[in-house]
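Report on one structure; see the data block that follows.
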Amino acid sequence: MAIGRSVHDHGLSVAGIASTAWPFFSGGAAGWIAVRWTRRPGKSFGAGIEVCVATVVIGMVLRVVSGQGTAVAFVAVAFGFLGLTMLGWRLAVFVFGYLRSESGVS
């Protein structure tokens, strides 16, 4: 968020970063609550997808409701960045585990 704010000359004040972040933190919290409610393992790929989608969708809705607005490019960047950070490590853990089991190392 700080990178985006600095690129677009919005400044890096704590209040500014908080105003950009709160919708996404709220969406992420809602996603994690949904994952816990459905009793999915938090490290699963499905849980990561659920949290990622909730974070972006709820975050964007809250941005619109609070008057911050959204742009198609912003939605795409948010999905890309959050998808990479929320799902990338899960994919790496899966691949590492798979390769490790294939090699016979325990």
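Computed from the coordinates by the stated procedures, all read-outs in this text should not be read as laboratory data. If you're wondering where the values come from, they're calculated on a predicted model, not measured in any experiment. Don't worry about glycine lacking a Cβ; one is built from the backbone with ideal geometry, like all the others, and counts go over all protein chains shown.
Structure data summary
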| item | result |
| --- | --- |
| C-alpha long axis of helix 45-65 to longest principal axis of the chain, angle in ° | 10 |
| Relative contact order of segment 2-103, pairs being alpha-carbon contacts under 8 Å that are 6 or more residues apart, as % | 24 |
| Burial order of peptide ranges 71-78, 16-23 (average beta-carbon count within 10 Å, highest first) | 16-23, 71-78 |
| Local net charge near GLY27, Cβ-Cβ under 14 Å (Lys/Arg +1, Asp/Glu -1) | 0 |
| Exposure proxy order (Cβ contacts within 10 Å, fewest to most) of LEU99, LEU62 | LEU99, LEU62 |
| Per-residue [θ]222 nm for the chain (sum of -39500 (n - 2.57) over DSSP H runs n ≥ 4, rounded to 500) | -27000 deg cm²/dmol |
| Ranked ARG63, ARG40, criterion: other C-beta atoms within 10 Å, fewest first | ARG40, ARG63 |
| Nearest 10 degrees, 0 to 90: helix 72-103 Cα axis against the chain principal axis | 10 |
